[in-house]
Amino acid sequence: MPSEKLIQTDVLVIGAGMAGFFAAMKAKEQGLDVTLTDKAFAGKAGSTHFSEGDIIYFRQDLGHNAKEWVEQISKNCEYLNNREWDEICLLEAEERYDDLVSWGVQFYEKDGKLYVFGTPKDTGVGAPGSAYQMIAQQNRKFAPTMRSRALEVGVRVLDRLMITELLEQDGRVVGAVGFNTNSGDLYVVKSKATILATGSSSLKAGAYPVYSYTGDGEIMAYKVGAAVASKEFMYGVTYYRAEVQRARESGKAEISKHALDESYRYPFAIGGDFSGWFNKPNINAEGEPVVFPAWEAHAGKAPLYLDFSSASGWLMKDYLKRIGTPQADKIGLDIRRGMQIKWPSSRIMTNAIWNGSGVWAEDKNCSVGVPGLYAAGNSCGTMASGAMYGGMGFASTHAMVTGARAAMGAAAYIAQNTDFSVSPQEVARAKAEVCRPFERKGGFSPEWVTQTLHGLTIPYYFLDIKHEKRLQAALTLVEFLREHIVPKIRAESPHEWRLAHETANMVTIAEMRFRSSLFRTESRGNHFREDYPKRDDPNWLAWVKVKKADEQMSLIKVPIPRAWWPDLSKPYEELYPRIMPME
């Protein structure tokens, strides 16, 4: 049996990415005792390179208009974005930038000046439709800098501590239980407020560097009664603009006959080394521009090709030099030379990570509806991104803003309450849940369960090209995994102990994705239903929440405010520049 350690703290922050560090630092500024945990190493893990790059550059003194920028974000996000949160993120971006600078975080400069790229009218920068300016942190340096600063001001940082179960008392969250993934020591953390900053949820697909984003925070919150939002949307499924489809209809693009040989030897080397829309193939096997990778495969036009010879000068000269391409560098690929990367059919897979979903935020202090529990960053379902990612810099800006706000909300909650006790029975219950896989004598390995789950989630025809029959079939099998297999997962080491809980979380996340995808009977943004191939306004100008009710998943439709609707008298093609595959 592992040894047990007890920690008492005012604020427990789970997850040490951008949002977690902001939450910890801002809570510490309120004079609170703060404990920051990460299941890997805080300051090295906890954020993908996406979160280590750009933040929005919004400055009212330069004439930037928040309402105009929000209008552009709304069109890009297909009108499911929460406009109030978008405006909050814009208006607070400068203050959060000042925080980063005061903590020693450095930003990318050009000619001795802060490098600002993109313009409010430049729709070629960022995800399609991005309409704002950005600045960039120096590559992969923010997290170590913030770790050092957090330690300097007295934040207690606990590395390799995986928190898996929240402590409840009389409807309040009063701490959590977890374990060290190296030593196996059990930790009981009693806290007055808890902030979840564990990032988005992933299914450990091989296409993105998000293997640690397994929905830990979302599942912990779900189990204590909080709602989780927008699991039907997938990051990484990009619909190009209608003009791309029209270009396909007018003539074929040529495939270069001189692709570099080494690009074929490493067909999986590039994905995830740089931002999402750059690692999408752009030419199919018939020489046509790619509209939607999964649809090309569905139509029998794979393999696909990523042709770097057509990449823009901005991409080559600025973006790739700034963020680097570490995986490609290891095997001697220099994608700036211009080449084609071949994507076989097996490479067309669901990434299944999304920046818009998370634990439903009930107020502007990032409370999730359970007293004592808050969420920040990609764990916080503000719906700021809607049905598509809001664009470059959005995730980091949202992480900074929600991290700071969650800390303020937690501090106010602590000041207004006095009883934060927890019963021995509740501690014993949580410990038993945490230790269950480690104490089993027999059962299924988490690796095998994950592999089985991948067969139901990663193939494009489940979560990229959706259909009621396939969704229902996969859901039936995922339910079986949850009910019969997950309770019998066995861990033989602290590392497998971590995998056991991650796998259990991924199974629940997959069930949420299938149920939410079945529930939304339309196509919108990154959610495509082959049996419902068009947007359905106004019926589905709404968000989808998943909440536990009598040990079952209950789905709730939440209409967006009428004032946020687009002008439905306008032509459909004007409202939605992106074209769906079957339109």
Checked segment 427-583 against the a/c 1.5 cut and the a/b vs b/c comparison, axes a ≥ b ≥ c from its Cα gyration tensor; verdict prolate
What's the ranking of 509-518, 180-189, 421-430 by average number of surrounding C-beta atoms within 10 Å, highest first?
509-518, 180-189, 421-430
Highest first, please rank the peptides 444-456, 390-402 by the mean number of other Cβ atoms sitting within 10 Å of their residues.
390-402, 444-456
So if we plug the beta-carbon distance of residue 472 and residue 111 into 1/(1 + (r/R0)^6) with R0 = 56 Å, what FRET efficiency do we get, rounded to 0.05?
0.45
Wrap a convex hull around the Cα atoms of segment 451-534, take a quarter of its surface area, and give that in square nanometres.
5.6 nm²
Each label point is 7 Å from the Cα along the Cα-to-Cβ direction; what then is the distance between the points at residue 152 and residue 223, in nm?
3.8 nm
Extending each Cα 7 Å along its Cβ direction at residue 461 and residue 412, get the distance between those two points in nm, one decimal.
5.1 nm
Any idea which of 485, 461, 446 is furthest toward the positive side of the dipole for segment 434-500, if Lys and Arg beta-carbons carry +1 and Asp and Glu beta-carbons -1?
485
Distance (nanometres) between label positions extended 7 Å along Cα→Cβ at residue 8 and residue 534:
6.4 nm
Quick one: compute the contact order of segment 487-583, relative version, from alpha carbon pairs under 8 angstrom and 6+ residues apart, as a percent.
20 percent
Sorted on mean Cβ neighbours within 10 Å (highest first), peptides 73-80, 293-300 come out as 73-80, 293-300
With the other protein chains left in place, how much accessible area per residue, in square angstrom, belongs to segment 455-565 at a 1.4 angstrom probe?
40 Å²
Provide 535, 482 ordered by accessible surface of protein heavy atoms (probe 1.4 Å), highest first.
482, 535
Taking R0 as 25 Å, what FRET efficiency do you get between residue 67 and residue 565 from their Cβ-Cβ distance, rounded to the nearest 0.05?
0.95
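The values are calculated or read from the model by the stated rules, or taken from the named source; none is laboratory data. Everything numeric in this text was worked out from a predicted model, so none of it was measured. Note: ideal-geometry Cβ built from the backbone for every residue, glycine included; neighbour counts use all protein chains shown. Just the protein is used for accessible areas: all its heavy atoms, side chains included, with ligands, DNA and RNA removed. Shrake-Rupley method; radii C 1.70, N 1.55, O 1.52, S 1.80 Å.
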